[in-house]
Amino acid sequence: MPVAYRRSFLSVRSQLHPQTMPIWGRTFLQVTAAYTRVFAKDAALPLDFAGIALLFCQGPHGRYLRVRASLKRQRDNGINAIYGGTIPRVAHLPRAEDGRGTLDEIAEPIQRWGARMHGVVFEGDSKVRLASFPDPTPGPGEVVLEIRASGMCGSDLHVYRRPPNQSNPAVIRGHEPCGVVVAVGAGTTGAHARMGARVMVHHYAGCAGCMQCDSGWPQMCEEVPIQVYGEDQHGAHAPYMKVRADTLVPLDDSLSFAAGAAISCGTGTAWGAFERMGLSGRETVAVFGQGPVGLSATLIAKAQGATVIALDIDDDRLQVASSFGADFTVNPKHGDVADMVGELTHGKFATMVLETSGATSAAAESIRIARNWGTIGLVGIGGEFRLILSQVLRKQLRVLPSWTMSIQAQRACSDFVVKKGIDLDRIFTHRWRLDQAEEAYQLFSQQSSGKGVFLI
Ligand SMILES: [Zn+2]
Ligand SMILES: [Zn+2]
């Protein structure tokens, strides 16, 4: 039986009228509703029904059904929602490709599919699929969020590319959650654990009692194995997500859900590094890598008043960095990085260097372009940082690796974004539906596009 908060649109089947039309060389079965007002008894709110479109596809595992359901629900912000999804491997599809199948035959698999929640899982070797899960039920100290935005983060790619035996297809991915509280577990307390609250999630859970957890760093818990949402616990690439109430961070009314998703890891990671490094407006900051974290760093450093040198081997990304306010751009492919940065800074180099790319070469160049007494922040994962002591020592450099951010820093980052009016939504170049996860991750994996977000 679906949980009370569930939005259901499938009780309309007896009111559907099918018609067919060829689109993109395939038969597209358009089903429209005779009634515009639908009230599903298990839905929290009445839904205004717009239509369902079904696309029958042939995949490697047989035929499957692609569903686009257009639903309008009057939300508090007045935005209408469109839900979509894919029904995998429907065994006995009716003769609907020519439109002659009976409506009940079509509706039945849809109904079966819609009775459960679907989330994105990684199967290993860069394969993703939508898998079905029961709706989450919150226990004591927990809430369920209706996810509105779930960001794609560079660290997801490491997991996405793992071989199948190191992948865990039982876990829903996505560790940049942002949404609305729709269910609160019995006895759950906390300022943000209330129905309708707009929230982000600090995506780690520890013991909640040790010094690390107490200081806002549950990812460094010293008492229990940490739980990372989207890796050890179900993440946000799904319509609903259960989280501990103490992981919630309020989302300011002026911020979009997508912006909240970015702050929940990518942008928060840039902020966390700068917090450790002690960024001020006096600095000249060089940022290696202009992916989602690097671009966030560029935005934050500019808003702080610093001079920013953006570095990337992709000229398109550098162009974006310029449009985000970077004062100078450097492509390491076009010459010696230290020469170029030296020229731009009249031989003074960068007082701060933030390495976000994860490339070993960039980590090595960080030492070369840092000014005497400078600070190097390291957040990019994947490469090596070789500490050549003679170089670091004689420049009196500070080298600070930084792992994401504390829960307080996530909130501080959010406050800064609001106060400075930073348009974080610009970071997202692609907005996806969950049923486009395969395409979304394929594109993201090329690491030449910007950042993607699932809007749910
Ligand atoms: Zn702990
Ligand atoms: Zn991340």
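The values are calculated or read from the model by the stated rules, or taken from the named source; none is laboratory data. Source: prediction; values computed, not measured. Quick reminder, even Gly has a Cβ in these numbers, built from the backbone with ideal geometry, and neighbours come from all protein chains shown.
Residue by residue through the stretch 129-153, note down the ones that are crowded, with 24+ Cβ neighbours inside 10 Å and either of a type in the set (Gly, Ala, Ser) or farther than 26 Å from SER256 by Cα (or both). ALA149, SER150, GLY151, listed by residue number.
For the stretch 354-365, does any single residue satisfy the condition of being within 11 Å of ALA286 (Cα to Cα) and more than 30 Å from the chain's Cα centre (by Cα)? No; the residues of the stretch 354-365 include none that is within 11 Å of ALA286 (Cα to Cα) and more than 30 Å from the chain's Cα centre (by Cα).
For the stretch 203-219, taking the residues that are more than 8 Å from ligand 1 (Cβ to nearest atom) and over 25 Å from PHE122 (Cβ atoms), the one that is surrounded by the fewest Cβ atoms within 10 Å (Cβ to Cβ) is identified as SER215.
Look through the stretch 248-291, keep the residues that are polar (S, T, N, Q) and buried (at least 24 other Cβ atoms within 10 Å of the Cβ), and return whichever of them is farthest from ligand 2 (Cβ to nearest atom).
Taking the stretch 248-291 and keeping what is polar (S, T, N, Q), we get 254, 256, 264, 267, 269, 280, 284, 290.
Okay, now just the ones that are also buried (at least 24 other Cβ atoms within 10 Å of the Cβ), so 264, 267, 269, 290.
Values: SER264: 8, THR267: 10, THR269: 7, GLN290: 17 Å.
Per the stated criteria, the residue is GLN290.
Residue-by-condition table, conditions (1) modelled with pLDDT of 90 or more; (2) farther than 12 Å from ALA238 by Cα; (3) charged (D, E, K, R):
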position	(1), (2), (3)
ALA96	no, yes, no
ARG100	no, yes, yes
ILE110	no, yes, no
GLU146	yes, no, yes
GLY151	yes, no, no
VAL159	yes, yes, no
GLY185	yes, yes, no
HIS192	yes, yes, no
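When the stretch 404-453 is filtered for residues that are crowded, with 23+ Cβ neighbours inside 10 Å, within 22 Å of HIS192 (Cβ to Cβ) and not aliphatic (A, V, I, L, M), the ones remaining, listed by number, are THR404, GLN410, CYS413, SER414.
Condition check ((1) within 16 Å of ligand 2 (Cβ to nearest atom); (2) assigned to a strand (DSSP E or B); (3) of a type in the set (Asp, Glu)) across all residues:
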position: SER155; (1), (2), (3): yes, no, no
position: VAL159; (1), (2), (3): yes, no, no
position: ILE172; (1), (2), (3): yes, no, no
position: HIS175; (1), (2), (3): yes, no, no
position: VAL181; (1), (2), (3): no, yes, no
position: ALA186; (1), (2), (3): no, no, no
position: CYS207; (1), (2), (3): no, no, no
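Evaluated against (1) within 14 Å of PHE288 (Cα to Cα); (2) assigned to a strand (DSSP E or B); (3) of a type in the set (Gly, Ala, Ser), SER366 falls short on exactly one condition, (2).
Can you say whether GLY187 is surrounded by fewer than 19 Cβ atoms within 10 Å (Cβ to Cβ) and either touching a residue at least 12 places away in the same chain (Cβ under 8 Å) or outside the structural domain of ILE226 (by TED's automatic domain parsing) (or both), as far as the supplied structure shows?
Numbers: surrounded by fewer than 19 Cβ atoms within 10 Å (Cβ to Cβ): yes; either touching a residue at least 12 places away in the same chain (Cβ under 8 Å) or outside the structural domain of ILE226 (by TED's automatic domain parsing) (or both): yes.
Judged against the criteria, GLY187 is a match.
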